Amino acid sequence: MANLRELRNRIASIKSTRKITSAMKMVAASRLRQAQQAITDSGYFTASLGRIVLRLGKTISYLRAQDIADGLEPRYEMPRLITGDGEDQRHLVIIFASSRGLCSGFNLNIVRKATQFIEHLQSQGRIVRLICVGSKATDLLREKFGKQIVATFAGRTSVADQLADAENMAMHLISMFEKGTIDACSVIYNHFHSAISQEVRIRPIVPIQAARILQPFTGENPWGFLVDGSDGNTFKLQRPSRIKSGSLGSRKGNVRGNIGSSARSKSQYKTTQERRILGSDDFSEQPTNTDPLEYDYEPSSPLELLNELLPEMLTELIFRSSLESAASENGARMTAMDNATNNAEDIIDDLTLLYNRTRQSMITSELTEIISGAEAL
């Protein structure tokens with residue numbers, strides 16, 4: 001009976017494990033839906049901000065070209081966050097991982113790609129500094145690159161916490177850039193395709209290049225745009241039917257909670273060929289104009305406005321990477337826990353079959369002994 005008792009205990013133990021993995025799968029699925037919704041809700045704000053930054057950059061470039069053509073001293077200088085310092089000797093790498101395990105190869109894939117990228121930069125004589133998001137990244141990279149880690153952040157799941165961390169990272173990045181500690185910055189994160197497919201991406205974010213805001217260097221387009229037309233200058237964006245006032249710029253309360261919360265209309269607009277009337281949902285077709293001075297700015301200096309928006313743009317780029325990483329983590333964990341649950345069920349079936357066979361064998365043996373003893377009498 002000892003064997004049967006051991007089998008019963010093992011079956012009960014695996015059933016308990018199956019309950020845990022099944023519950024973790026459901027939690028991960030719920031968080032995955034929330035993360036996907038957060039990515040969708042932030043798309044309009046990020047894309048609109050990118051369009052404004054692109055327009056301001058074109059305006060400043062146009063004014064500089066006019067002044068130079070007229071033989072005048074240029075009125076504006078393009079911000080260093082856009083032009084860079086002309087060097088790339090000091091590189092900051094922001095690595096997004098998780099603070100929890102049980103998500104298959106999610107963390108190992110990130111760390112492996114980050115290690116390859118850091119070693120590549122160092123082989124070119126660059127000084128590399130790291131910001132690790134998630135304790136797993138810190139733990140796995142500390143032994144080899146511990147002295148290069150300048151800041152760590154917990155891999156938090158709340159959208160509001162992720163936005164707060166993104167703001168802190170952006171401010172830290174800008175401070176290091178202004179002090180000359182870094183010349184460039186890249187982020188490494190898992191881009192979410194589906195629950196069973198995540199792709200590790202390396203994306204440069206500093207210097208900020210206008211083309212990369214709308215069409216990242218990887219050839220992919222995660223910011224909510226769909227390229228329309230062979231010229232590559234026309235983009236479409238799914239737009240909410242109505243945006244509540246203050247929902248785009250608010251950093252308090254529900255973090256952009258109003259963005260995308262209302263029903264989305266099927267209407268789309270071309271960002272470079274249509275102009276939006278402030279405070280109105282009306283759009284009018286306008287021919288493409290090479291002169292970007294078709295807007296009035298408040299304040300009147302486009303450079304002042306651009307300098308205020310660039311930290312927001314950096315925050316959004318980091319925030320979007322954080323959201324993609326969170327969705328990928330939950331997708332990987334949901335898939336891993338689903339596989340674990342299925343494996344537990346297979347083991348339970350095999351052990352149950354073994355238990356029944358062992359029990360049947362013991363009963364048959366006891367019956368044989370009883371019958372043999374009766375015949376002997």
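The values are calculated or read from the model by the stated rules, or taken from the named source; none is laboratory data. Keep in mind it's a predicted model, so treat the numbers as computed, not measured. Note that each Cβ is placed from the backbone with ideal geometry, even for glycine, and that neighbours are counted across all protein chains shown. Remember, those area values only see protein heavy atoms, side chains included, never the ligands or the DNA or RNA. Shrake-Rupley method; radii C 1.70, N 1.55, O 1.52, S 1.80 Å.
Overview of values
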| quantity | calculated |
| --- | --- |
| Residues (in a loop (DSSP other than H, G, I, E, B), buried (at least 18 other Cβ atoms within 10 Å of the Cβ) and not charged (D, E, K, R)) located in segment 178-196 | ILE182, ALA195 |
| Tally, over segment 149-170, of residues that are in a helix (DSSP H, G or I) and open to solvent by 40 Å² or more (accessible area, probe 1.4 Å) | 5 |
| Tally, over segment 55-93, of residues that are among the charged types (D, E, K, R), open to solvent by 80 Å² or more (accessible area, probe 1.4 Å) and over 36 Å from the mean Cα position of the chain (by Cα) | 3 |
| Some residue of segment 108-124 being open to solvent by 40 Å² or more (accessible area, probe 1.4 Å), farther than 30 Å from GLN198 by Cβ and of a type outside the set (Val, Ile, Thr) | no |
| Given (1) without any contact (Cβ under 8 Å) to a residue 60 or more places away in the chain; (2) touching a strand residue (DSSP E or B) at 6+ places or on another chain (Cβ under 6 Å), index of the condition VAL133 fails | (1) |
| Filter result for SER48 (surrounded by fewer than 21 Cβ atoms within 10 Å (Cβ to Cβ), of a type in the set (Ser, Thr, Tyr) and touching a Ser or Thr at 6+ places or on another chain (Cβ under 7 Å)) | no |
| Residue in segment 328-347 that is closer than 14 Å to LEU4 by Cα and β-branched (Val, Ile, Thr) present | no |
| Close pairs (6 angstrom Cβ cut-off, 6 or more residues apart or separate chains): closer than 16 Å to LYS25 by Cβ in segment 335-353, aliphatic (A, V, I, L, M) and in a helix (DSSP H, G or I) anywhere | MET337/MET24; ALA344/ILE14 |
| Number of the exception - TYR44 against (1) of a type outside the set (Gly, Ala, Ser); (2) over 30 Å from ALA344 (Cα atoms); (3) more than 20 Å from the chain's Cα centre (by Cα) | (3) |
| Residue in segment 114-126 that is within 30 Å of VAL27 (Cα to Cα), modelled with pLDDT of 90 or more and within 15 Å of the chain's Cα centre (by Cα) present | no |
